[in-house]
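Read through the structure below, which is laid out as structure tokens, and then see the notes.
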Amino acid sequence: MNTLGAWLSTLVMASAVGPALARSPSAASCLVGGDKVAIAAGVRADTVKDSAECHLTWQEAGIMVGFPPAPDKLVTPDNLFRYPFVRWTLQHTSRFTRTAPMLVERPAPSPIPEKLDKALLDTKLTINGVSDTIGDYAGKSFTDALVVIKDGKLVAEWYGDGMSASKPHYISSVTKGVTGLLAELLIAQGKLDETRLVKSYVPELAKTPFGDATVRDVLDMKVNVGAGETSGETDVADAALWSTMALNSRQSAYATLEAVKADGPKDGHFHYASMTTEAAGWIITRAAGEPFEQLASDLLWSKLGLQDDLYEPVDPTGKMYVSTGLTISARDLAKLGLMIANHGQVNGQQVFPASVIDRLYEYGDEVAWKNGNFKSNPIIRSYRSYWYQLMGDDHALMGLGVYGQGLYINPGKHIVTVRYSSTPAHSIVEYLKGWNDIRAWLDQTAKASD
């Protein structure tokens, strides 16, 4: 859930405006319903019109197809997050922003054990009030990839819109959960103290709302900044931060964070803001004395047996964006989820301290959540270290991102799912409800088979 798409598509258009796509509808013309709620600086729509031209893959739309592509099918800074261009963009992040590899050294890959259930995707369910198969619903809901793991084994996967098992995909704000996990690992090593004030690690942030916040406040989004990200209104700090990511930018994300102002009183409530996670990235690297990509590789990625490339955006000064932009294959993200579901075990070996992973399952500040700007979400109980903690007794976790990205981890039911999408708007109510129905069915069938 972040503003990257909205800001990149508006802030840099003056320097590189491209031709509009001819003969294809805009995202707005394909959206249906009166429930137009501003969320993450985008539009949450009821649904998308049930017409072929509103459900095109990027190949069907001819986006970036040909040598060269037709002028009206080129992805440019002012259309890259509009439908149907967005369907191409989320699979080709490195083509529109600076990126750095996240796996500094690659050990031998370790595949997920398979026990494919060929009937699972053909299972008919009542999904958002309509009878449909999981596979067919994936195609209708702009899904790019779906991976389902049960009892530690890959039981189903589905790919569309030009995706494949080894192709990386932009995961937007699911990235935040990786940053939170790295912070927890550093806390366990004694390199990061969650009770210390942020300004003791990063004096440059002393005059911002982050300065007098604790590290834990930052990790749990309890700093009152970035209201524009959730209100849909223009936020100068948000705009400046995301503009540093553009290829033609010479601005520093560090300087932008130093200029952040409060959006209200220090109230201890949950305030969703990607810039808070960006501040955490600065804190982490300063505390550890290493670049973020080196830390992530050493502490996390090199231990999971990843099979594919993964990368993340950087600004002109080399600051890595840690709130959004991680691009990774669905199977490799599933390996991260599987490790967390197994409380730190990888292939039966305790690779990460169970106590560290279990801290992710500890419920966050429920009062802060109930007073926060996402309190209306009916399935979320609290928030901790950039992970959503869900209702129920399974201590299930979820990472969520705009345009339909999701990582679901249920240790009690031994289920992990990864879903990548490229929806025409940041969030579409119908698809959120439909995938919650599928998630609930997977949980129920797992419970019945225990």
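The values are calculated or read from the model by the stated rules, or taken from the named source; none is laboratory data. On a predicted model such as this, the values are computed, not experimentally measured, just so you know. Heads up, the Cβs are rebuilt from the backbone with ideal geometry, glycines too, and the neighbour counts pull from every protein chain shown.
General remarks:
- Filter pass, V346 being surrounded by 24 or more Cβ atoms within 10 Å (Cβ to Cβ) and closer than 29 Å to I112 by Cα: no
- When A330, A273 are screened for being of a type in the set (G, A, S), modelled with pLDDT under 95 and under 20 Å from the mean Cα position of the chain (by Cα), only A273 passes.
- Output for the stretch 244-270, where each listed residue is modelled with pLDDT of 90 or more, within 24 Å of the chain's Cα centre (by Cα) and of a type in the set (A, V, I, L, M): A253, L257, V260
- Selection within the stretch 103-134 - among the hydrophobic types (A, V, I, L, M, F, W, C) and closer than 19 Å to L338 by Cα: L103, A108, I112, L116
- The lone criterion from (1) under 24 Å from V402 (Cα atoms); (2) over 23 Å from the mean Cα position of the chain (by Cα) left unmet by A237 is number (2).
- Residues in the stretch 387-425 that are hydroxyl-bearing (S, T, Y) and either out of contact with any helix residue (DSSP H, G or I) (no Cβ under 9 Å at 6 or more places or on another chain) or not in a loop (DSSP other than H, G, I, E, B) (or both): 5 in all.
- The stretch 397-449, subset basic (K, R) and closer than 27 Å to R82 by Cβ, residue surrounded by the most Cβ atoms within 10 Å (Cβ to Cβ): R419
- Test: residue in the stretch 377-384 that is of a type in the set (A, V, I, L, M, F, W, C), surrounded by fewer than 19 Cβ atoms within 10 Å (Cβ to Cβ), in a loop (DSSP other than H, G, I, E, B) and touching a helix residue (DSSP H, G or I) at 6+ places or on another chain (Cβ under 7 Å): yes
- When we screen A255, A279 for residues that are in a helix (DSSP H, G or I) and either farther than 15 Å from V198 by Cα or of a type in the set (S, T, Y) (or both), the only hit is A255.
- Restricting attention to the stretch 127-161 and to residues that are part of a strand (DSSP E or B) and of a type in the set (V, I, T), the residue that is surrounded by the fewest Cβ atoms within 10 Å (Cβ to Cβ) turns out to be V130.
- Residue within the stretch 105-113 that is surrounded by 13 or more Cβ atoms within 10 Å (Cβ to Cβ) and touching a helix residue (DSSP H, G or I) at 6+ places or on another chain (Cβ under 6 Å) present: no
- Conditions (1) in a helix (DSSP H, G or I); (2) more than 19 Å from R98 (Cα to Cα); (3) out of contact with any Lys or Arg (no Cβ under 7 Å at 6 or more places or on another chain); (4) not aliphatic (A, V, I, L, M); number of the one not met by W369: (3)
- Scanning the stretch 421-450 for residues that are among the hydrophobic types (A, V, I, L, M, F, W, C) and free of Cβ contacts under 8 Å to residues at least 24 places away in the same chain yields a count of 3.
- Here A70, A61, A100 are screened, and the one residue that is surrounded by fewer than 19 Cβ atoms within 10 Å (Cβ to Cβ) and free of Cβ contacts under 8 Å to residues at least 60 places away in the same chain is A70.
- Taking the listed residues T285, T244, T256, T230, the one that is crowded, with 19+ Cβ neighbours inside 10 Å and under 22 Å from W369 (Cβ atoms) is T230, with no other qualifying.
- Residues (over 21 Å from K335 (Cβ atoms) and surrounded by fewer than 21 Cβ atoms within 10 Å (Cβ to Cβ)) located in the stretch 303-323: P316, T317, G318
- One residue stands out in the stretch 67-124 among those that are in a loop (DSSP other than H, G, I, E, B) and hydroxyl-bearing (S, T, Y): the one that is modelled with the lowest pLDDT, namely T76.
- Scanning the stretch 298-310 turns up no residue that is of a type in the set (S, T, Y) and closer than 28 Å to G364 by Cβ.
- For V174, the requirement of being within 19 Å of the chain's Cα centre (by Cα), under 25 Å from F374 (Cβ atoms) and not in a loop (DSSP other than H, G, I, E, B) is met.
- Selection status of G135, under 21 Å from the mean Cα position of the chain (by Cα) and at pLDDT 95 or above: no
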